[in-house]
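**Student:** Quick one: structure below, then a few questions.
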Amino acid sequence: MTTTALPNVRVEPYLVAADTHVIPQLVPAPPIGLVYINSLVITGSEPILVDTGAPSNREQWLADAWNIVDPADVRWVFLTHDDHDHAGNLRQVMDACPNATLVTTWFSMARYGIDCEDFWMPFDRVRWIRDGESFSAGDRTLAAVRPPFFDNPTTRGLFDASTRTYWGVDSFGANVPHPVEDAVDMDHEAWRDGVLLVNRLNHPWHLWLDEGKFGDYLRHVQSLGIEVLPSCHGPTIYGPMVDEAFQLLSEVPSMPQWEEPGQADLEAMLAAAGAMATAPVDTAPVPAQPSPTQAS
């Protein structure tokens, strides 16, 4: 999922599992509410950044990341794919982290190099990893596992067996009505509706899926034994709700396309914004209230 610069709702990084922090960005997405742009930091013996945030939030993202981990200590930068909301600060991160290796794919590196003409990554600072392969990061082994839904051909999720945490990338997202870290703290039906909306909106090819093959792949990812399920575009999912999230994704192939807003909706939004801008503002001074001593 790609993004444009929009005003953020300030939200703080939060812990989702041992040594595992989400760095969130929350942007308005009218008319569906708010949408997260998250990334992950794993602070083990060899710290790992999982994605690098969006350029629209660069200053805050870098401040949040370096408050969690010293950039000189970062050993790995795992890039799930090359969309701007995942790779938006990659150049700045690699410049700030001289001891880091970029974990990516041949195709993602080629695409990123074409998209960013000023970017060059020395091959001796890169590790190419394919779907299903693992790499050791000191006190843990991490596996690259493609998520069930994705909007970029280079996408791979990341599974940390030491905490049973799976970074679901663009799968499992949900629009939210207010800031929320844990999906259980949302109205349950609103969360379910959000998962079904976002995973159709961001993956319109769900209409052409073979439900049997997709179901097989869902079960493959679910068999990892996931207990903590953060993702880029929603609150984190824990415990029993993880199985429910997989069940919701299994329903998507049989659902109709989500009809996104059209020109009439845009004109209505512009009219509403114009009406608010021209509405008279009451500037009359508010009478001072007597203090308790004056009132007595």
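**Student:** Cα axis of helix 240-251 to longest principal axis of the chain: angle in degrees, 0 to 90, nearest 10?
**Tutor:** The angle comes out at about 90 degrees.
**Student:** With all protein chains present, how much of the accessible area of the range 102-247 (probe radius 1.4 Å) comes from carbon and sulfur, to the nearest whole percent?
**Tutor:** The value for the range 102-247 is 54 percent carbon and sulfur by accessible area.
**Student:** Using the charge dipole of the chain (Lys, Arg: +1 at Cβ; Asp, Glu: -1 at Cβ; taken about the Cα centre), state which of V35, M255, S56 has its Cα farthest towards the positive end.
**Tutor:** Going by the Cα projections, it comes out as S56.
**Student:** Further question on the same structure: As a test of reading the structure, rank D210, D170 by solvent-accessible area (1.4 Å probe, protein chains only), most first.
**Tutor:** Ranking D210, D170 by accessible area, largest first, yields D210, D170.
**Student:** Tell me the label-point distance for the pair R219, N67, using the 7 Å Cα-to-Cβ offset, in nm and rounded to one decimal.
**Tutor:** Result: 4.5 nm between the two label points.
**Student:** With every protein chain present, what is the per residue accessible area of the range 34-168 (1.4 Å probe, Å²)?
**Tutor:** 38
**Student:** Suppose accessible area is computed on protein heavy atoms with a 1.4 Å probe; arrange W128, W61 from highest to lowest.
**Tutor:** Listed by decreasing accessible area, they come as W128, W61.
**Student:** Rounded to whole Å and sorted largest first, list the principal axis extents of the Cα atoms in the chain.
**Tutor:** Extents along the principal axes, in whole Å: 73, 47, 43.
**Student:** Taking the chain as a Gaussian network, Cα atoms linked when under 10 Å apart, which of Q263, Q25, Q247 shows the biggest mean-square fluctuation?
**Tutor:** Answer for the Gaussian network model of the chain: Q263.
**Student:** Per 0.36 nm of contour for each residue apart, how much would the distance between Q263 and T278 grow if the chain were fully extended, relative to their Cα-Cα spacing?
**Tutor:** Result: 3.1 nm gained on full extension.
**Student:** Run lengths n ≥ 4 of DSSP H only: what is the helix-derived mean residue ellipticity at 222 nm for the chain, with -39500 (n - 2.57) per run over all residues, to the nearest 500?
**Tutor:** Taking each H run of at least 4 residues, the total per residue is -9000 deg cm²/dmol.
**Student:** Further question on the same structure: Quick one: among T101, T155, T80, which has the greatest mean-square fluctuation in a GNM of the chain with alpha-carbon springs under 10 angstrom?
**Tutor:** T101
**Student:** Name the most mobile residue of A72, A183, A144, meaning the one with the largest mean-square fluctuation, in a Gaussian network model of the chain with Cα contacts below 10 Å.
**Tutor:** A72
**Student:** Along each of its three principal axes, how wide is the spread of alpha-carbon positions in the range 76-217, in whole angstrom units, largest first?
**Tutor:** 47, 34, 31
**Student:** Cα centroids of the range 184-203 and the range 236-259: how far apart, whole angstrom?
**Tutor:** 8
**Student:** If you don't mind, there's one more thing I want to ask. Of L34, L266, L102, which has the most accessible area and how do the rest follow, probe 1.4 Å?
**Tutor:** Result of the area sort, largest leading: L266, L34, L102.
The values are calculated or read from the model by the stated rules, or taken from the named source; none is laboratory data. In this text the structure is predicted, and so the values were computed from the model without any measurement. So basically every Cβ, Gly included, is an ideal-geometry build from the backbone, and we count neighbours across all protein chains shown. Each accessible area value is taken on the protein alone, full model and side chains, heavy atoms only, with ligands, DNA and RNA left out. Shrake-Rupley method; radii C 1.70, N 1.55, O 1.52, S 1.80 Å.
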